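Structure record follows, encoded as structure tokens.
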Amino acid sequence: MAVFINEECINCAACADECPNMAIVDNDKNPSGADIFFVLENKCTECDGGEMACISVCPSDAIHKR
Ligand code: SF4
């Protein structure tokens, strides 16, 4: 259970600052090598069913549920 970030990401960092679980890493730490932010599946809880902080703040609509 985790959201993912797609190629619409503009590396603004808004999502990483909002995540209560520190589940989002920046483009330099993206394990896929893509130059976009990345959600760590083992840390994201989809905000336990509440409003997802990262999706709310993303200006690019780049964060999605699977
Ligand atoms: S859905 Fe919530 S827990 Fe998951 S990455 Fe976004 S802010 Fe973090």
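Just so it is clear, none of the values below were taken in a lab; they were calculated from the coordinates. These numbers come from a predicted model, not from an experiment. Because the Cβ atoms are built from the backbone with ideal geometry, glycine has one as well, and the counts that use them run over all protein chains shown.
Put in line by how crowded their Cβ is, counting other Cβ atoms within 10 Å and starting with the fewest, VAL57, VAL39 read VAL57, VAL39.
Converting the Cα gyration tensor eigenvalues of the chain into ellipsoid dimensions via √(5λ) gives semi-axes, longest first, of 17, 13, 10 Å.
Taking the Cα-to-Cβ direction at GLU7 and at ALA34 and moving 7 Å from each Cα, how far apart do the two end points lie in nm? In this crude label model, GLU7 to ALA34 measures out at 0.8 nm. Ordered by the number of other Cβ atoms lying within 10 Å of each residue's own Cβ, fewest first, CYS44, CYS15 fall into the sequence CYS44, CYS15.
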